[in-house]
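Each value in this text was obtained by applying a stated rule to the coordinates, not by laboratory testing. Please read all numbers here as calculations on a predicted model, not as lab measurements. Using ideal geometry, Cβ is built from the backbone for each residue, glycine included, and neighbour counts are taken over all protein chains shown.
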Amino acid sequence: MISKILKFELRARFKQPMTLLFFLMLVFQGIWYTQGSYEYYVNDATLMNGAALFYKNFAGGGIILIVIISIITGTVLYKDIQYKSAGIIYALPINEKRFFAGRFLSAFLINVILGAGIFVGMVLVPFSGIGTPDKFGPTPWGQMTHGFLLLTVSNLLMLTIVCFASLVIFKRMAAGYLSVFAYVMLFLVAETVSGNAADTTFIELIDPFAYVYTAQVLDALPADAKNTAYLPLNSIYFLNRLIWLGGSLLLFWYAYRKFSFKDFIGAISLRGRKKAIDSSTPVSKKEIAVPHVRLIFSAIEYIRKFWRLSVLEFRNVVRPVNFKIIVGILGLMFFLQNIMWNATYYLGPQQPLTSSMTLARLTMGAFIMMLLMIWAGELFFKDKTANIWQITDALPVPVWVGQLSKFVAMCGVALIMALTIIVCGVLAQILMGGWKEIDPGLYAGDLLGYKWGWLTYILNIALVFFLAGLTGHRFLTHILGVGYYFFNIISFDMGIMEELRFGYALTPGIEDFSEMNGYGIWSIASFWYFIMWATLAVVFVLLGIHFWRRGASLSFVKKLTFQTNQINWYGKFVVLICLIGFFFLQSFIVREVNDKGNFETDAMANLKDATYEQKYKWIEEIPQPVITGIDLSLDLFPEIRKATYQADMQLTNLHSVSIDTLYLNTAEFVDIKDILWNGESVGVAWEDKEMDIVAVAYRLDSLERVNITIKAEKCYDGFTQSDAQPDLAFNGLFMDARDILPTIGYHADRELNKNRDRVDQGLGKINSRMAPVEDSIRLWQDAFSPDALWLGGKIRVSTSEGQTVVAPGVLKHSSKQGHRNYFEYELEAASPFEWYFCSGSFEKIEFQVKTIKVGIFHKKEHTFNLPLYQKSIQSSIDFINEELGTYPFSEVRLVEIPFYQNEHYTFPNGIAISEKEGWIADSSGIEEKAYIMFSTATQLMRHWLYQRVLIGNVQGADILKVALPEALALQVVRQTYGEEAVDGLLQKKKDAYGKERGNEPNVEPPLIYADGVDYLEKNKGTVAIYALSQKLGHQAFNREMLQVIDKFDRQAMSFSTLYNHLKTRLPADLVDQVAYDFEKVK
Amino acid sequence: MNLTIENLNKTYSNGVQALKNVSLTINKGMFGLLGQNGAGKSTLMRTIATLQDPDSGTIRFDDIDVGRQPDKLREVLGYLPQEFGVYPTVTATELLMHIADMKGIVNASERKMQVEALLEKVNLWDVRNKKLGGYSGGMKQRFGIAQALLGEPKLIIVDEPTAGLDPMERNRFYNLLSEIGENTVVILSTHIVEDVSTLCSQMAIIGKGEVLLTGTPDDVEAALQGRLWEKPIEKHELVKYENQMNVISSRFHLGKLMITVIADDLPDGNFWSKAPTLEDAYFNVLSKKKIAVGA
């Protein structure tokens, strides 16, 4: 019998043209997702049809597959209830258990056959035209089959089971949908959280699709292995499958046992009729007169009616118990997430701040939006679903009253969701002792506004409203609405689309809230994007009313007419005005964002850099002077994102030949007003504005020194969609000197350093991102600024009233004049040209460590860990003084900055630490204490090291710049918190290295050839240096290191010199081990 | 007060012509539209009720052009569709109050009084506060009748209204409709001849989208006066009689097959004269397709 059922179901399903369409959609997804995964794996050795890409896609499944499963699976079992054929089918002489098994196998097989569309898509990738032939290798049939069976088929089995079991238990079609979506939500949460989690084991286990596991394992594979390796399976994989597949099989067993025709057919007789009412009421004998009534039909009455109906529709949605259950479950999840998952970017738990509570709207945002969109679709088609449309559509109310009231009701439902998140956040804050941190304004802005809050929900509901009117078809509305929504967010997430103005309802900067700077420029940008989408949403709502047809449904083509009176001429006029407004706002955004240079796509940026290299590489061979001194006068106007400045730069020709032209690379948005050469104006020989390069013709003889004065202004105009432009932020401005001052000569940092990008732009591949140690010219360049020697100088900075400036050097003077604050800093000694300026509204605490004056500048409310920072600074300076000589500065300032850039910055007399790197951490645990001390100590070690060593601009430079200070800082942590705390930090680095090395764009170098790539030096480098230090003994290590540093005494030094020296001090039995760490790539 | 339908045509996208040049004039009182399943009755009802656009033709109710002013018609319309659902989680009172509001009964107390009176009329008073999801088919049908009568409509369209009602409820419904039909136009679409013969002063028979016969039930019956003959036969003889005579219907009576034949003269001595009923006229029309009556 099972085979008969199978045959019938398969034939019935695959006879439908829609099934073929589903299959083709999945073929498309197989190609589309592969392209996205290829963009993710940036290494140029990774093939477009590499096995790893396919494994990830098999595990993720993709939203099209999920939607199709939701549509198809439940119907296979439920259709007899839905179409009321159960009365016939269930009365046939068939075994109900075999019937259940037959239908289950049918659904599973249909899903597998359709899921094979992804497989087919992957096979077709090389022929799809998405890449050139060199990007493809042989099709990895074995790996694909392995991935398809292990991931897709097992996930499909699990989803089919959960859908069937939910139907058997709840006897409602909605239960089938929701159970599948609940699994998807759990997957989305796991996938989202895994990015920031220190330990992903738990997340890998709770992910029902094993996607997180697959991604973690594959990311860690070397580039070559990504093309050919079979997915490694370890205990976590088997445990995950045991939990999810094992659990599903148990669920299947339960459903199989429970299913019976008698029980299941109850869904018809008791659907919505849980308690049958006795209809045998006695007939009244009395004469009843129906009283007369007055009927009023007027515009005002329609408006009143609209409001009453909105309230009624809202009540009808929120009144059922299942709504309360769903909101309750969501509330619980928000609450738990706020308590358990509020990890910062780089650390563990953080203080219960409002900004971390409102983040829940993003991590679960996709699910909430999907839920609301489905709810909206259901509400818009409520009358059709309940089959009462023939009554309601014949009522004397205009279409807009009925439809718009449903839209408004959904807005109310969306408000409930937003308020639920707010309430859960507030409760979590109170429970975690953070009631003082409750920020009603931020809650309102985030949850009720358009940064993925209530207004964003409304925009998406408007889209569903439009689709409902246009299609007149419930399921099509769901598929198009939810499908577009996921297409939208996934396309931007994967970088397939970059310009937000093409992504309906998306606004920039929603994830970029800074405790220091709020949403900064995003506040302006997101406002305009929202206004643009709001005008389109108005059009959607009005057209939704216009296209909605009461009565029997019309064909799609017949609907496309404007000859109806469902919206009157005023309404049609508003549609026109809003459409004009929408396109006007599109142009406005293009002007403000694109034309004013605030945004360019990756492709455009790559093209620009490649063009620069192609056009100006020759300058590299032209002798150029170096900067030997700078006096800077800088006036900051944060409120208008503007800086005016005058830089007196001392340039020296260190070459043996004279120089006749000076090449200046200016930063973007810099407008040079004047260039003076020893006080005299000079003309510009030529200027390439597109490439931001200026040539100044002036003779400079060998060893001649000149003062060049640059008067300029930097001002951001318009707004941005992707770059926070933090160097001129409203509060917490943090500016690199290079953001305003020019680079001399050829600007090598602009070269593309990813081989894939280079090949795409017609450039040759590079073997290394840095010059080899043997390159004596580069060796004598300072790794921080190849065009500058160590500098002294004066810096005068003014800023707006209420803000304080922290700049390199000791503070000589500060004053207030009018509405501006003035600060004068002077460098204590010549230092690498690594200057940063910071301006913000700070609270300050001051103290002394021996003779060194210390100031900590922080956001007023961020006092949580100040004692820990004090202790860290004290311990670090003590360590330096005891172990390494003398701390080089008489003053040191620690300043809190927004998180937009790097975690830490070091500059003469100053340290900047991101707001998310400890200021708001919950430091009750030893791990967090150790991390805060480690990050602070690292910067102070850098102060010491950078003033002692001229780090040559060659391979291994970043081991000296990054890894060595970190390894020394670990010694400080060890002294304070013990070896166990150090082990925790090292483990984190090992994990990060393992996870991130897979994204090496070129070829991972051994540490002695490290060429400045993020994941390597600060992770593997630090671990290796610390291990070397342990092997030598920390004191011996410090002593030997000092010996080398003293020997070089500010002469250019490379890491290989230090390494070779330390290696000679190792016991013979450890040399190979250390050599393996530094000279090989595992 | 009358409803005029002229040359109404409707063809569905699958090619089925549901209405063929339908023209009717319906005056105040009860109008019965009789036809088999699939004859086009519901299409005609939905079209009059503004839920479907005809391909061509016009409908007027007094001075309302239904095609151009559907909103105006809805203000005076009470419609009970053949098949309808309800919101399962709301009570009868709640849904009737809501529909009354939508029908323009703005005054809350008037709305309440009319809803309560109708709940009593349709015998749902005792279960008025129960959720509609729990209602039986008959109760739901009574609810449908109540909603159609809200707002004192001038044009009432009831499509197969007695389906699912027990004999007692059907009687009550007849009383109710006849009471209302005194001052309004009521179109009763049905395939149950008894509904029409009991209630309607005017009627039409529709088949395959065409109006086959119009008139009053009495006229329709009278047209067969003296021409109907009845006779018990053996089952196997039916084909023979059908070939030889104009057999318009056959039925069992006391275990015998009784045929009804139409003929101007007595067909043979074993037949006896039969007093015509509306059912006979209905069968006659269906068998002959179209006969002009009462012209």
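Determine, at each q value in 0.15 (inverse angstroms), the log₁₀ of I(q)/I(0) that the Debye formula gives when each Cα of the stretch A:534-666 is one equal point scatterer.
-1.00
Rounded to two decimal places and with Rh computed the Kirkwood way over Cα pairs, what is Rg over Rh for the stretch A:769-882?
1.06
Any chance you could get the radius of gyration and Dmax over the Cα atoms of the stretch B:100-174, in Å?
Reported Rg and Dmax, both Å: 12.5, 36.
Can you list residues from other chains, or at least 5 along the same chain, whose modelled amide H is less than 5 Å from the amide H of A:Asn49?
The list, which skips near neighbours in sequence, is A:Gly137.
Sort A:Ser876, A:Ser310, A:Ser235, A:Ser260 so that the residue with the fewest other Cβ atoms within 10 Å of its own Cβ comes first and the one with the most comes last.
Starting with the residue having the fewest Cβ neighbours, the order is A:Ser235, A:Ser260, A:Ser310, A:Ser876.
Each residue of the stretch A:214-230 in turn: what ³J(HN,Hα) in whole Hz from Karplus with 6.51, -1.76, 1.60 and θ = phi - 60°, glycine and Pro shown as x?
Values, residue by residue: 4, 5, 4, 5, 6, 4, 7, 6, x, 4, 4, 5, 4, 7, 10, 5, 7 Hz.
Taking the Cβ of each residue in B:Asp265, A:Asp439 as the centre, tally the other Cβ atoms inside 10 Å and list the residues starting with the fewest.
Exposure proxy ranking, most exposed first: B:Asp265, A:Asp439.
How much length would be gained if the chain were fully extended between A:Arg11 and A:Lys572, taking 0.36 nm per residue of separation minus their Cα-Cα distance, in nm to one decimal?
Working: separation 561, 0.36 × 561 = 201.96 nm, distance 4.74 nm.
Difference between extended and current length: 197.2 nm.
Which entries in A:Lys689/A:Lys711; A:Lys84/B:Lys140; A:Lys1018/A:Lys1047; A:Lys596/A:Lys916 show an alpha-carbon gap greater than 24 Å?
A:Lys1018/A:Lys1047; A:Lys596/A:Lys916
Between 0 and 90 degrees, rounded to the nearest ten: what's the tilt of helix A:299-318 against the longest Cα principal axis of chain A?
80
Using a 10 Å cut-off around each Cβ, can you sort A:Val982, A:Val574 from fewest to most neighbouring Cβ atoms?
Listed from fewest to most nearby Cβ atoms, that is A:Val574, A:Val982.
Ignoring solvent entirely, what values of log10 I(q)/I(0) come out of the Debye formula for the protein assembly as shown at 0.06, 0.07, 0.09 Å⁻¹ when each Cα is a single scatterer?
-0.70, -0.87, -1.25
Is there a pair in A:Lys853/A:Lys1080; B:Lys131/B:Lys208; A:Lys572/B:Lys10; A:Lys7/A:Lys226; A:Lys754/A:Lys988; A:Lys608/A:Lys859 whose C-alpha atoms are over 32 Å apart, and which pairs would that be?
Over 32 Å apart, Cα to Cα: A:Lys853/A:Lys1080; B:Lys131/B:Lys208; A:Lys7/A:Lys226; A:Lys608/A:Lys859.
Give me the net charge for the shell around A:Phe1055: Cβ to Cβ below 11 angstrom, other residues only, Lys and Arg +1, Asp and Glu -1.
-1
Could you give the length gained by full extension between A:Met497 and A:Ile926, i.e. 0.36 nm per residue of separation minus their alpha carbon distance, to one decimal place?
So the extension gain works out to 150.2 nm.
Using the Karplus curve 6.51 cos²θ - 1.76 cosθ + 1.60 with θ = phi - 60°, what ³J(HN,Hα) values do you get for each residue of the stretch A:938-943, in whole Hz, with x for Gly and Pro?
4, 5, 6, 5, 4, 3
Give the whole-number value, in cubic angstrom per residue, of the convex hull volume spanned by the C-alpha atoms of the stretch B:157-295.
That works out to 139 Å³ per residue.
Seen from all sides and averaged, what is the projected area of the convex hull of the Cα atoms in the stretch A:149-264, in nm²?
8.0
Which percent of Cα pairs goes in each bin when the distances of the stretch B:1-103 are cut into 10 angstrom slices starting at zero?
With 10 Å bins starting at 0, P(r) equals 13, 41, 31, 14, 1.
Assuming a viscosity of 0.890 mPa s and a temperature of 25 °C, what translational diffusion coefficient in µm² per second does Stokes-Einstein assign to the stretch A:78-178, Rh being the Kirkwood radius over Cα pairs?
It comes out at roughly 150 µm²/s.
In whole Å, what are the Cα extents of the stretch A:292-417 along the three principal axes, biggest one first?
71, 29, 21
Please report the net charge: other residues with Cβ closer than 11 Å to the Cβ of A:Pro726, K and R +1, D and E -1.
Values: positive: A:Arg641; negative: A:Asp512, A:Asp723, A:Asp727, A:Asp736, A:Asp739.
Neighbour charge sum, excluding A:Pro726 itself: -4.
Suppose a student asked you for the relative contact order of chain A, using Cα pairs under 8 Å spaced at least 6 residues apart; what percent would you report?
9
Given axes a ≥ b ≥ c from the Cα gyration tensor, I'd like to know whether the stretch A:811-852 is rounded (a/c under 1.5), prolate (a/b larger than b/c) or oblate. Numbers along the way, then the final one.
Details: a/c = 1.80, a/b = 1.26, b/c = 1.44.
Because a/c hits 1.5 or more and a/b fails to exceed b/c, the stretch A:811-852 counts as oblate.
Do you know the Lys pair count in the stretch A:321-468 for C-alpha distances under 20 Å, with sequence separation 8 or more or different chains? All intermediate terms of the calculation are to be shown ahead of the outcome.
Details: A:Lys324/A:Lys382; A:Lys324/A:Lys406; A:Lys382/A:Lys406; A:Lys384/A:Lys406.
So the count of such lysine pairs works out to 4.
When the distances between all Cα atoms of the stretch B:181-244 are binned every 5 Å from zero, what whole-number percent does each bin get?
3, 12, 18, 17, 15, 15, 11, 4, 2, 2, 0
By how many degrees, between 0 and 90 and to the nearest 10, does the Cα long axis of helix A:1055-1064 differ from the longest principal axis of chain A?
80
Between B:Arg251, B:Arg227, B:Arg170, which gets the highest mean-square fluctuation from a Gaussian network model of chain B, Cα cutoff 10 Å?
The residue that fluctuates most here is B:Arg251.
Other chains near B:79-87: what is the mean number of their Cβ atoms within 10 Å of each residue's Cβ? List each step's numbers first, then the result.
Working: counts 5, 3, 7, 1, 2, 7, 10, 5, 8.
Taking all residues of B:79-87 together, the mean is 5.
May I ask you to evaluate 6.51 cos²θ - 1.76 cosθ + 1.60, the Karplus curve with θ = phi - 60°, for each residue of the stretch A:960-967 and list the ³J(HN,Hα) values in order in whole Hz, giving x for glycine and proline?
Listing the rounded values in order: 6, 5, 10, 6, 5, x, 5, 5 Hz.
For A:Val895, what residues show an amide H to amide H distance below 5 Å, using hydrogens built from the backbone and excluding near sequence neighbours?
Placed amide hydrogens put A:Phe857, A:Ile911, A:Ala912, A:Ile913 under 5 Å from A:Val895.
For the stretch A:595-639 and the stretch B:42-98, compute the distance between their C-alpha centroids and round to whole Å.
71
Amide H of B:Tyr79: which non-local residues (sequence gap of 5 or more, or other chain) have their own amide H closer than 5 Å, using H built in the peptide plane?
B:Ile157
Per DSSP H run of at least 4 residues, take -39500 (n - 2.57); add these up for chain A, divide by its residues and hand me the 222 nm value, nearest 500 deg cm²/dmol.
-16000 deg cm²/dmol
Calculate how steeply helix A:1022-1032 sits against the longest principal axis of the alpha-carbon atoms of chain A, using the helix alpha-carbon long axis, and give the answer as 0 to 90 degrees to the nearest 10.
With both axes taken from Cα atoms, the answer is about 50 degrees.
Is the shape of the stretch A:850-992 best called rounded, prolate or oblate, per the rule: a/c under 1.5 gives rounded, else a/b larger than b/c gives prolate, else oblate, with a ≥ b ≥ c the square roots of the Cα gyration tensor eigenvalues? Mind dumping the intermediate values first?
On the way: a/c = 1.31, a/b = 1.14, b/c = 1.16.
In terms of gyration-tensor shape, rounded.
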